[in-house]
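The structure under discussion appears below in the form of structure tokens.
The values are calculated or read from the model by the stated rules, or taken from the named source; none is laboratory data. What you see is a predicted model, and the numbers here were worked out from it, not measured in a lab. Here the Cβ is made from the backbone with ideal geometry for all residues, glycine too, and neighbour counts use every protein chain on show. Accessible surface areas use protein heavy atoms only, side chains included; no ligands, DNA or RNA. Shrake-Rupley method; radii C 1.70, N 1.55, O 1.52, S 1.80 Å.
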Amino acid sequence: MTAVFLIVSIVLALALWIRPPSIYIGNVQTTVENGSAIQQTSNGIQVNLGVNISVSNPNYFSVDFKKIEAEIFYPIQNTPVGGGQANNIVFKSNSQTNFTFPFALNYNSTADPGGAIILDLAQKCGVTPGSTKSNINVNYSITLGIRILLVTISPVISNQFSFPCPLQASDISKFLNGGAL
């Protein structure tokens, strides 16, 4: 019993010196993959995106992420529209780590039978008559696979972000003119 008490006391004492890392999340930007940032598919569009993240870890120990996985949902009926994943990210002790988290926004006309999402995208991209370009708002859910000793825990963070519409009329016109609507 004394040994258990001693171990718990040591762990709690060390926890007192844990400081939260400083995290800077940059703006969402298009990234080139397979020669293009925007790719047409047979029934949709894929927009390759990335966000620059900078983490300063002031602690005396490294933080090891086995996996960071994001799911993206369009606010209309919370429709899944993409995601991304990064593996084996390590934030070393007393250092700053910079990396780009890759993800993709995937519009699929079969997941949008009423055409509400493509019409909203067209309005936010300034494609429909009388509309002006504005930010696209999406919800996200990030699952962090944090490795602590031999165990991986997976907390989930959910929130919303917005970014300027990267699409042009030529990217979505086939879905507006008889494709999805």
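For this structure, a couple of remarks:
- Among residues of segment 110-139 that are more than 16 Å from ALA169 (Cα to Cα), those with a beta-carbon under 7 Å from a residue that is in a helix (DSSP H, G or I) and open to solvent by less than 70 Å² (accessible area, probe 1.4 Å) at least six positions away or on a different chain give the pairs ASP112/ILE118; ALA116/ILE76.
- Residue within segment 131-141 that is touching a Lys or Arg at 6+ places or on another chain (Cβ under 6 Å), open to solvent by less than 60 Å² (accessible area, probe 1.4 Å), under 29 Å from SER22 (Cα atoms) and of a type in the set (Val, Ile, Thr) present: yes
- Top-ranked residue in segment 46-70 [being outside any loop (DSSP other than H, G, I, E, B) and hydroxyl-bearing (Ser, Thr, Tyr); ranked as least open to solvent (accessible area, probe 1.4 Å)]: SER54
- Being within 19 Å of the chain's Cα centre (by Cα), surrounded by 16 or more Cβ atoms within 10 Å (Cβ to Cβ) and in contact (Cβ under 8 Å) with a residue 40 or more places away in the chain is true of ASN106.
- For segment 1-45, the set of residues classified as in contact (Cβ under 8 Å) with a residue 40 or more places away in the chain, open to solvent by 80 Å² or more (accessible area, probe 1.4 Å) and in a loop (DSSP other than H, G, I, E, B) consists of TRP17, ILE18, ARG19, listed by residue number.
- Some residue of segment 82-103 being in contact with an Asp or Glu (Cβ under 6 Å, 6 or more places away or on another chain), open to solvent by 40 Å² or more (accessible area, probe 1.4 Å) and within 30 Å of ILE172 (Cα to Cα): yes
- Filtering segment 146-181 to residues that are under 26 Å from GLN29 (Cβ atoms), at pLDDT below 85 and within 22 Å of the chain's Cα centre (by Cα) leaves nothing.
- Just one of the numbered conditions (1) open to solvent by less than 30 Å² (accessible area, probe 1.4 Å); (2) over 19 Å from GLN39 (Cβ atoms) is not true of ILE118: (2).
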